[in-house]
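Participant: Just passing along the structure, written as structure tokens.
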Amino acid sequence: MVRVRVPAKVNLHLAVGQRRPDGYHDLVTVFHAVDLVDEVVVTTADRLALTVTGEGAADLAVDESNLAWQAAVVLAEAAGIDPAVRIELHKAIPVAGGMAGGSADAAGALLACATLWGLADVDLPVLAARLGSDTVFPLLGATALGRARGEVLAAIPPHDPLHWVLAFADAGISAGDAYRELDRQREAGTAAAPLGPPDALLAALAEGNPAAVAAALGNDLQPAALALRPSLRATLDAGTRHGALAGLVSGSGPTCAFLCPDDGAAHVLSAALEADRVCRSARVASGPAPGAQVIS
Ligand code: ATP
């Protein structure tokens, strides 16, 4: 049996380029892994099987449409073996929450199966990139600059811990819907000006200045997420009213991430957001968190 822990991400900066002919958008993004983790447990079995417990389990298929299942198949094909493995996902990352939970599970399943099958030489990031745009980053973790569809990564030097509150919503947003809404706003001429390069953010991270990091956070998909889920405006407003340095929609939403001055302020804010009923639930998190790792 192999047990792997794999982190969720928040995009500290998400600049979305124009839609490409292949339907994807070129991104310049700063991924940041937080200590909200899914666990992937794999055991040798007669044939491929999948179970899911925890956050969003009732909404998830346990067949070949699940990214963890696809990860086992892709790895087994690359190694020329049979994917005879039972995969258990224990989820804490919200489904369709803008935190790349499915991608995390795929990355976790790749590492877990590679370990179980003794495949030391397989290039996991290359296989991960085949499974999805956000699937490479959870292998790396910490904080990294992402380009192309998000799969071309460059590590950002280690920086001081950041203290977050994550506010989870009642229902997810499909990332495709958020990108389509942004395209629609751009065609209608109602979209906000696109973000530039993340220079100010990278300088603030290097300086270790949380207030400057807060001022430099940005997400081109946030207006689209707010158009699809107008109630998120009240969530964001409550966060800053209760002491966050800044708040933003995580990726395509609807999870909102609030940067706090310290861990104490994060606990106060988390309780206040739940008391105000502006989210389904809130939890304190911190980053940068490590990428996928075998824990037993
Ligand atoms: P991203 O931030 O990468 O755009 P997300 O966090 O918004 O993604 P995910 O939870 O990664 O959303 O999943 C999006 C969709 O992928 C789900 O609605 C589900 O249909 C599908 N999916 C497949 N496998 C999984 C999985 N193991 N966990 C979550 N979703 C999965």
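Quick note: the coordinates plus some simple rules give every number you see, no bench work behind them. Note that the structure is a prediction, hence the values are computed from the model and not measured. Virtual Cβ from ideal backbone geometry, glycine too; neighbours counted across all protein chains shown.
Participant: Quick one: length gained pulling Thr240 to Val122 fully straight, 0.36 nm per residue minus the C-alpha distance?
Facilitator: Going from the current span to full extension adds 38.0 nm.
Participant: Same structure again: Can you tell me which of Cys279, Cys256, Cys113 moves the most in a GNM of the chain? Springs connect C-alpha atoms under 10 Å apart.
Facilitator: Between Cys279, Cys256, Cys113, it is Cys279 that shows the largest mean-square fluctuation.
Participant: Pick out which of Pro158, Pro210, Pro254 has the largest mean-square fluctuation in a Gaussian network model of the chain, springs linking Cα atoms closer than 10 Å.
Facilitator: Pro158
Participant: Next question, about the same structure. Sum up the charges of everything whose Cβ sits under 13 Å from the Cβ of Asp46, counting Lys and Arg as +1 and Asp and Glu as -1, but leave Asp46 out.
Facilitator: +1
Participant: On to the next question. For segment 103-219, just run the numbers: alpha carbon Rg, then divide by 2.2 N^0.38 Å, N being how many residues it has.
Facilitator: 1.30
Participant: Using all Cα-Cα distances in segment 66-130, what percent lands in each 10 angstrom bin from 0 up to the longest?
Facilitator: 22, 55, 21, 3
Participant: Using θ = phi - 60° and the Karplus relation 6.51 cos²θ - 1.76 cosθ + 1.60, list the HN-Hα couplings for segment 2-16 in order, rounded to whole Hz, with x at every Gly or Pro.
Facilitator: 10, 10, 10, 10, 9, x, 7, 10, 10, 8, 6, 9, 9, 9, 9
Participant: Using only C-alpha positions, report the orientation-averaged shadow area of the convex hull of segment 163-296, nm², one decimal.
Facilitator: Averaged projected hull area, Cα only: 9.6 nm².
Participant: Could you pull out every residue, at least 5 positions away or on a different chain, whose amide H is within less than 5 Å of the one on Ser281? Hs are placed 1.01 Å off N in the peptide plane, and Pro or chain starts have none.
Facilitator: Sorted by chain and number, the residues that satisfy this are Phe168.
Participant: When the helix-only estimate is applied to the chain (DSSP H runs of n ≥ 4, each -39,500 (n - 2.57), divided by the residue count), what is the mean residue ellipticity at 222 nm, nearest 500 deg cm²/dmol?
Facilitator: The per-residue figure over the chain is -10000 deg cm²/dmol.
Participant: Using a simple spin-label model with points 7 Å from Cα along the Cα→Cβ vector, what separation in nm is obtained for His267 and Thr44?
Facilitator: 4.6 nm
Participant: Same structure again: Give the long-range amide H neighbours of Ala142: residues separated by 5 or more places, or on another chain, with amide H under 5 Å away, using H modelled in the peptide plane at 1.01 Å from N.
Facilitator: Answer set, sorted by chain and number: Ala33, Ala289, Gly291.
Participant: I want to verify a result. In a Gaussian network model of the chain, Cα cutoff 10 Å, which of these has the top mean-square fluctuation: Leu145, Leu221, Leu127?
Facilitator: Leu127
Participant: Could you give the size of the charge dipole of the chain about its Cα centre, using +1 on the Cβ of each K and R and -1 on the Cβ of each D and E, expressed in debye and rounded to the nearest 20?
Facilitator: With only Lys, Arg, Asp and Glu charged at Cβ, the dipole is about 420 debye.
Participant: Further, regarding this structure: In cubic angstrom, how much convex hull volume per residue do the alpha carbon atoms of segment 1-74 span?
Facilitator: 141 Å³
Participant: Also, quick follow-up: Rg(Cα) of the chain divided by 2.2 N^0.38 Å?
Facilitator: 0.97
Participant: Non-local amide H neighbours of Ser250 (under 5 Å, H modeled in plane, Pro and chain starts lacking H): which ones?
Facilitator: Thr255, Cys256, Ala257
Participant: If a paramagnetic tag sat 7 Å from the Cα of Ile295 along the Cα-Cβ line, which residues of segment 55-77 would have the backbone N under 16 Å from that point?
Facilitator: It comes to 55, nothing else.
Participant: Can I ask one more? Which three lengths, in whole Å and largest first, does segment 41-175 cover when its Cα atoms are put on their principal axes?
Facilitator: Each principal axis gives a Cα extent; for segment 41-175 these are 43, 34, 25 Å.
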